[in-house]
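Chemist: Let me give you the structure first, and then I'll get to my questions.
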Amino acid sequence: MPERKAKSLAASLFARLAVKAPSMELPARSLSGGNQQKLLFARAASTQPKVMILDEPTHGVDIGSRAETHDFIRQLAADGVAVWVISSELDEIVAVATRVVVVRDGTIQAEIASGEDPTQILAAALGVQATKTQENR
């Protein structure tokens with residue numbers, strides 16, 4: 001890729017991911033963990049993938065970077081990229097998923113559409129029957 005085109009793509013991805021850095025010329029290691037993680041997403045997205053598999057994509061990042069990463073994941077999906085998110089955090093799954101497949105002990109336990117009660121996800125992950133609360137009866 002010509003240098004000019006690469007710089008243009010980098011600037012676009014920096015803006016899209018809200019990477020906070022004084023310059024695109026700085027080494028990634030000099031940035032915060034959240035911004036380093038966003039750079040990894042930018043590099044992966046620059047290849048125009050059809051599928052991205054993200055394992056714990058916001059582990060160890062601050063809440064602001066977490067929200068920006070979730071926005072980016074949703075945008076990738078809206079752009080037609082199939083995004084698989086593997087996460088141990090229920091709130092993250094609920095924030096980005098349109099469909100949740102719960103796997104426990106190597107077996108699919110449940111497939112749950114977005115908008116369903118998140119306790120179904122947790123119950124399937126724990127291998128217990130989800131019960132209705134007193135309010136829902």
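Read the figures in this text as sums done on the coordinates, not as results from a lab. Owing to the predicted nature of the structure, the values given are computational and were not obtained by experimental measurement. Methodologically, a virtual Cβ is constructed for each residue, glycine included, from the backbone with ideal geometry; neighbour enumeration extends over all protein chains shown.
Chemist: Return SER23, SER30, SER46 ranked ascending by Cβ neighbour count within 10 Å, so the fewest neighbours appear first.
Modeler: Exposure proxy ranking, most exposed first: SER23, SER30, SER46.
Chemist: Could you tell me the calculated FRET efficiency between HIS59 and ALA6, based on Cβ-Cβ distance and R0 = 30 angstrom, to the nearest 0.05?
Modeler: It comes to 0.55.
Chemist: For the stretch 95-101, what does the Karplus curve 6.51 cos²θ - 1.76 cosθ + 1.60, with θ = phi - 60°, yield as ³J(HN,Hα) per residue in whole Hz, taken in order and with x for Gly and Pro?
Modeler: Listing the rounded values in order: 5, 10, 8, 9, 8, 10, 10 Hz.
Chemist: Here's a follow-up. Could you give the distance between the Cα centres of the stretch 66-131 and the stretch 28-44, to the whole Å?
Modeler: Measuring centre to centre over Cα atoms gives 24 Å.
Chemist: So, one more: Once you have a ≥ b ≥ c as the square roots of the Cα gyration tensor eigenvalues for the stretch 1-68, tell me rounded if a/c is under 1.5, and otherwise prolate or oblate according to whether a/b is larger than b/c.
Modeler: Here the stretch 1-68 falls in the oblate category.
Chemist: Assuming R0 = 22 Å, what is the FRET efficiency of ASP79 and SER32, from their Cβ-Cβ distance, to the nearest 0.05?
Modeler: Taking R0 as 22 Å, the efficiency between ASP79 and SER32 is 0.25.
Chemist: Quick check on the exposure proxy: order MET24, MET52, MET1 from fewest to most C-beta atoms within 10 angstrom.
Modeler: Final ranking by Cβ density, sparse to dense: MET1, MET24, MET52.
Chemist: Share of Cα-Cα pairs in the chain beyond 27 Å, in percent?
Modeler: Summing the P(r) of the chain above 27 Å gives 32 percent of all pairs.
Chemist: By count of other Cβ within 10 Å, fewest leading, how are THR98, THR69 ordered?
Modeler: THR98, THR69
Chemist: What number, rounded to the nearest 500 deg cm²/dmol, is the helix-based mean residue ellipticity at 222 nm of the chain, given -39500 (n - 2.57) per DSSP H run of at least four residues and division by all its residues?
Modeler: So the calculated ellipticity at 222 nm is -13500 deg cm²/dmol.
Chemist: Cross-chain or 8 or more residues apart, Cα under 19 Å: how many lysine pairs in the chain fit that? Count them up, please.
Modeler: Number of lysine pairs found: 4.
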